[in-house]
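J.: What follows is a single structure, and I will ask about it in a moment.
Coordinate-derived values only; no laboratory data. Note that the coordinates shown come from a computational prediction; the quantities given were computed from them, not determined experimentally. Positions of Cβ are generated from backbone atoms using ideal geometry, with glycine treated the same way; all protein chains shown enter the neighbour counts.
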Amino acid sequence: MKHVINAAEDLGKENWHKPWSGSNGGNCVEAKRLDDGRVALRQSEDPSGVALIWPASVIAEFITGAKAGVADFLLT
């Protein structure tokens, strides 16, 4: 499960999405699919801060697991 830490501002300002935005005043995780298929994640409050970059397969595994309830322990 290799990931890269990068300055989010180096990834540009466009094409960031807030798929997990809730009722928390806009503080959320933003995601961006990179040209090579990897996925970058950053904190919306700090768009020029750190971005974690993950292979698409890792993101798919996380989303599949979350949908199946594997990550429910994070909510309690």
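J.: Report, ordered by the first and then the second residue, all pairs with beta carbons closer than 7 Å, sequence separation of six or more or different chains, a first member in region 57-69 that is closer than 15 Å to V29 by Cα, and a second member that is hydrophobic (A, V, I, L, M, F, W, C).
T.: Going by the 7 Å Cβ cut-off, the qualifying pairs are I59/V39.
J.: Which of the residues belonging to region 23-76 are polar (S, T, N, Q), exposed (fewer than 14 other Cβ atoms within 10 Å of the Cβ) and closer than 17 Å to V4 by Cα?
T.: S48, S57
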